[in-house]
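Take a look at the structure set out below.
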Amino acid sequence: MAAAAKAAELLDRHGLSLSDVELQAQTCERAELPTGRSRIGPYDECGPAVAAYFDCRFWFETDAEGRLRHVFFGLSGDVQAGVYLMHLIAHVFETEANRYRAGPEYTRGRGGRRRALHTSFVLGLSIGIQARLRAMQAERDAAVRASAGRSLVLAKAGVVEAELAKLGLRFRSRNPAERRVDPGAYDAGHAAGQRFEVRPGLTGGKP
């Protein structure tokens with residue numbers, strides 16, 4: 001958590017040290033995270049919120065065998081930080097799911113009931129983490145605006161979108177699947193996601 005927060009702080013400091021001309025001259029890169037799976041799950045759905053937190057773009061691709069991979073695209077430091085945070089979130093999913101499975105509600109369940117509880121929990125966890133990241137991203141941008149009088153989000157977005165346009169990629173939207181959830185398990189997961197904490201780095205009014 002401390003490393004991710006420090007990464008955000010350093011990225012903001014670096015971005016604010018660049019003039020608009022220097023920022024426009026930055027180059028973009030892409031990073032791929034293979035999943036080894038063919039279906040999108042709650043963990044994967046955290047990708048767009050992670051990308052927004054680090055001012056880059058995110059999408060899903062499939063390889064020749066139909067296996068899913070995550071793609072981050074943006075300024076080099078932002079992409080690397082996004083990849084790091086996705087690994088961190090994977091650890092959060094493993095840790096919180098194990099904790100939930102050791103709890104009384106799950107241990108009382110049997111067979112299909114346990115599967116439904118686990119699915120509901122990790123979905124709530126995903127939604128909770130996404131909500132935390134969106135709130136933290138807004139706080140981070142507000143802190144940068146207050147200290148520097150400009151938005152790094154908008155400045156970086158112009159660079160990223162211009163570089164993305166050069167690739168000639170075509171995207172299609174995906175309608176999320178409708179899911180039935182167990183309210184108690186979902187709420188437990190959502191509460192765990194809301195506890196996810198990576199503090200934005202700018203404090204004290206100066207970068």
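The values are calculated or read from the model by the stated rules, or taken from the named source; none is laboratory data. If you're wondering where the values come from, they're calculated on a predicted model, not measured in any experiment. Cβ: placed from backbone, ideal geometry, glycine included. Neighbour counts: every protein chain shown. For accessibility, only protein heavy atoms count, side chains too; no ligands or nucleic acids. Shrake-Rupley method; radii C 1.70, N 1.55, O 1.52, S 1.80 Å.
Below are the figures for this structure:
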| quantity | calculated |
| --- | --- |
| Residue among Ala90, Ala97, Ala185 that is open to solvent by less than 80 Å² (accessible area, probe 1.4 Å), at pLDDT 80 or above, among the small types (Gly, Ala, Ser) and within 29 Å of Arg30 (Cβ to Cβ) | Ala90 |
| Long-range neighbours under 6 Å by Cβ, at least six apart or interchain, first residue under 20 Å from Phe121 (Cβ atoms) within region 35-59, second at pLDDT below 90 and open to solvent by 10 Å² or more (accessible area, probe 1.4 Å) | Ala49/Arg134 |
| Tyr43 being farther than 19 Å from Glu163 by Cβ, touching a helix residue (DSSP H, G or I) at 6+ places or on another chain (Cβ under 6 Å), modelled with pLDDT of 95 or more and not hydrophobic (A, V, I, L, M, F, W, C) | yes |
| Scan of region 65-83 for residues that are surrounded by fewer than 16 Cβ atoms within 10 Å (Cβ to Cβ) and modelled with pLDDT under 90, ordered by number | Ser76 |
| Among (1) assigned to a helix (DSSP H, G or I); (2) open to solvent by 70 Å² or more (accessible area, probe 1.4 Å), the one test that Ser38 misses | (1) |
| Residues (open to solvent by 30 Å² or more (accessible area, probe 1.4 Å), at pLDDT below 70 and not basic (Lys, Arg)) located in region 148-168 | Ala148, Gly149, Val153, Leu154 |
| Qualifying position, being modelled with pLDDT of 80 or more, open to solvent by 80 Å² or more (accessible area, probe 1.4 Å) and under 15 Å from Ala52 (Cα atoms), among Arg134, Arg108 | Arg134 |
| Hey, Phe58 of a type outside the set (Gly, Ala, Ser), under 30 Å from Tyr186 (Cα atoms) and in contact with a Leu (Cβ under 8 Å, 6 or more places away or on another chain) or not | no |
| Close pairs from region 82-100: first more than 19 Å from Ala49 (Cα to Cα) and assigned to a helix (DSSP H, G or I), partner of a type outside the set (A, V, I, L, M, F, W, C) and open to solvent by 30 Å² or more (accessible area, probe 1.4 Å), Cβ under 8 Å, at least 6 apart | Ala97/His118; Tyr100/Tyr106; Tyr100/His118 |
| Residue check for Ile127: open to solvent by less than 10 Å² (accessible area, probe 1.4 Å) and of a type outside the set (Gly, Ala, Ser) | no |
| Matching option when the condition is of a type outside the set (Lys, Arg) and farther than 19 Å from Glu163 by Cα, among Ala31, Ala102 | Ala102 |
| Any hit, region 7-24, residues being of a type in the set (Ser, Thr, Tyr) and at pLDDT 90 or above | no |
| From Glu61, Glu32, residue being open to solvent by less than 50 Å² (accessible area, probe 1.4 Å) and either farther than 18 Å from Gly158 by Cβ or assigned to a helix (DSSP H, G or I) (or both) | Glu61 |
